[in-house]
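**Student:** This is the structure I have questions about; it appears just below.
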């Protein structure tokens, strides 16, 4: 059931308005002293080890706990285990022009794998015009003189599919007939009620998600994307007519899952390709790091501690996420 890929191969839990935020703030004050020990954010995860290989999980029977409506219980706080969104096909390499000459990367085979797992070369099968567009974005990343040279996430737009799964940690919540993903850059609702997709005239940053369970695997069909989100700071993209076939394959112990998505867009690519993002679950036993595991441990007298998230207000051009220049008008 479990093999191994070779090295060669955040938002509050639920926004409840200002009153909920005040209550959360009061609760969090009780655990402030524990947060003093939180390690400083460091590059791609501030104290959370990054993997250079990860388990290959296979779809099969679910033997773990279930929710009241029968879904496999996969709720909790999750994050990818490889790297954040700096580089799509070479996650350890950083953003374009981000690495000084005196800090060489070393051999590619010793770095984290590409998020592209098919084709085997780890590259997006762009049509020539699309590949040129990506190269142009990368060339202007450090000095974006036009709006389209700025990563939309730097302007507080939703991260989109699939980038939301490797941009900060996120929470998975479950309700009868739904799985809800709370990202720091937006929210996705996966409908499990067999209702049809939205009309084609409606397009969304995170698309429209309709899914069902097959054993340990959540199978999701995503349409109605607007084509505005990028896959990372290196500029890879899909068009507004792209189709995303997702598979969330969970270990039966509930500790890990692999997110696999096959992206089809004949207008942009020469063939469909597959992206894999490994993820692990975080619990109160883990040390929050402010990035991949950006929650707080809330102590509750007489009860077990719980994890909760601060509301995270987006600031345009937060750091260097996509460059620091802003051109044009809103």
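**Student:** What are the residues in the range 270-300 that are modelled with pLDDT of 90 or more and out of contact with any strand residue (DSSP E or B) (no Cβ under 7 Å at 6 or more places or on another chain), if any?
**Tutor:** 270, 271
**Student:** Exactly one condition in (1) modelled with pLDDT under 90; (2) surrounded by 18 or more Cβ atoms within 10 Å (Cβ to Cβ); (3) touching a strand residue (DSSP E or B) at 6+ places or on another chain (Cβ under 6 Å) is false for residue 30; which is it?
**Tutor:** So the condition that residue 30 fails would be (2).
**Student:** Restrict the check to the range 217-226 and report whether at least one residue is under 20 Å from residue 123 (Cβ atoms), part of a strand (DSSP E or B) and modelled with pLDDT of 95 or more.
**Tutor:** No, every residue in the range 217-226 fails to be under 20 Å from residue 123 (Cβ atoms), part of a strand (DSSP E or B) and modelled with pLDDT of 95 or more.
**Student:** Determine, yes or no, whether residue 173 is loosely packed, with under 14 Cβ neighbours inside 10 Å, at pLDDT 95 or above, on the phi < 0 side of the Ramachandran plot and not in a helix (DSSP H, G or I).
**Tutor:** no
**Student:** While we're looking at this one, here's another question. Quick one: which strands (runs of 3 or more DSSP E) lie wholly within the range 240-312 and hold at least 1 residues that are farther than 28 Å from residue 56 by Cβ and in contact with a helix residue (DSSP H, G or I) (Cβ under 9 Å, 6 or more places away or on another chain)? Spell out the reasoning first.
**Tutor:** Working: elements: 243-250, 256-264, 273-282, 296-300, 303-308.
Ranges flagged: 296-300, 303-308.
**Student:** Any residue at all in the range 185-202 that's more than 16 Å from the chain's Cα centre (by Cα), part of a strand (DSSP E or B) and surrounded by fewer than 16 Cβ atoms within 10 Å (Cβ to Cβ)?
**Tutor:** Among the residues of the range 185-202, not one is more than 16 Å from the chain's Cα centre (by Cα), part of a strand (DSSP E or B) and surrounded by fewer than 16 Cβ atoms within 10 Å (Cβ to Cβ), which makes the answer no.
**Student:** Scanning for something surrounded by fewer than 15 Cβ atoms within 10 Å (Cβ to Cβ) and at pLDDT 85 or above, does the range 89-107 turn up at least one residue?
**Tutor:** Checked against the condition, which is being surrounded by fewer than 15 Cβ atoms within 10 Å (Cβ to Cβ) and at pLDDT 85 or above, the range 89-107 yields at least one hit.
**Student:** Oh, and also: Is it fair to say residue 144 is more than 23 Å from the chain's Cα centre (by Cα), within 27 Å of residue 239 (Cα to Cα) and part of a loop (DSSP other than H, G, I, E, B)?
**Tutor:** yes
**Student:** Give all pairs with beta carbons closer than 6 Å in which a residue from the range 202-224 that is closer than 25 Å to residue 256 by Cβ meets a residue that is assigned to a strand (DSSP E or B) and modelled with pLDDT under 95; count only pairs at least 6 apart in sequence or on separate chains.
**Tutor:** Qualifying pairs under 6 Å: 206/186.
The values are calculated or read from the model by the stated rules, or taken from the named source; none is laboratory data. Owing to the predicted nature of the structure, the values given are computational and were not obtained by experimental measurement. Using ideal geometry, Cβ is built from the backbone for each residue, glycine included, and neighbour counts are taken over all protein chains shown.
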